[in-house]
Amino acid sequence: MFALREVLMRKAGRTLRARTASAGLFAAALLLATATTGAGAGAATATTAGSRSPSTGPSQVYRYGYSLGFHPFTSPHDVREQLTGNFWLFPVSGDCPAVIHPADECDLLGGNPVRVEAIGYDSLQIATLPGHDLGDGMHIRFTFASSLGLHCLVVRAWQDRPTRCSERTLCSAASRTGAWVLWRVLAETLKISAYAA
């Protein structure tokens, strides 16, 4: 496959720089595909253990993937540990403590209460509580992965049952769009801070 790709790139007259960039994009896409598959499996396991309505079951709200850049000397665990040990890096940390632990409850920016459901080797999972703008019972899992030094963040959200916001098309679309932007800010922050992890 790589030999064929090399021939095609030479025919197109691409430079070594373009080939390196293409290889990097290819590796990042492969990494995101692998991480997304793994994140889905982990999140499905987490919802089975959580409280949910037996008649409806959990429903996925969104799944986004972000590149964290090239960090050859940093593991996904290091990045997760840096985030949970310096939670002020979280873009809407609000009045949450600087170091978070499972079962901690705090208010994110704007008085939105959440609980830390789980902290894994390479993941963090939070859940919204009553009084949150998006309603309670939404679970958000942040999973970190890397391959050949390229790191990525996969964010997956699901809910136990429909909420006031998820039942309204405009609110639901605004929520998903806002989440994409917010987690992009988190990814850009971690892209820089991962050098110190």
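With every protein chain present, what is the per residue accessible area of segment 106-165 (1.4 Å probe, Å²)? Before the final figure, lay out the partial values.
On the way: 2130 Å² over 60 residues.
In whole numbers, segment 106-165 has 36 Å² accessible per residue.
Once neighbouring chains are kept in place and the probe is 1.4 Å, which whole percent of the accessible area of segment 73-130 is contributed by carbon and sulfur?
Ligands and nucleic acids excluded, carbon and sulfur give 57 percent.
The values are calculated or read from the model by the stated rules, or taken from the named source; none is laboratory data. In this text the structure is predicted, and so the values were computed from the model without any measurement. These accessible areas exclude ligands, DNA and RNA; they are computed on the full protein's heavy atoms, side chains included. Shrake-Rupley method; radii C 1.70, N 1.55, O 1.52, S 1.80 Å.
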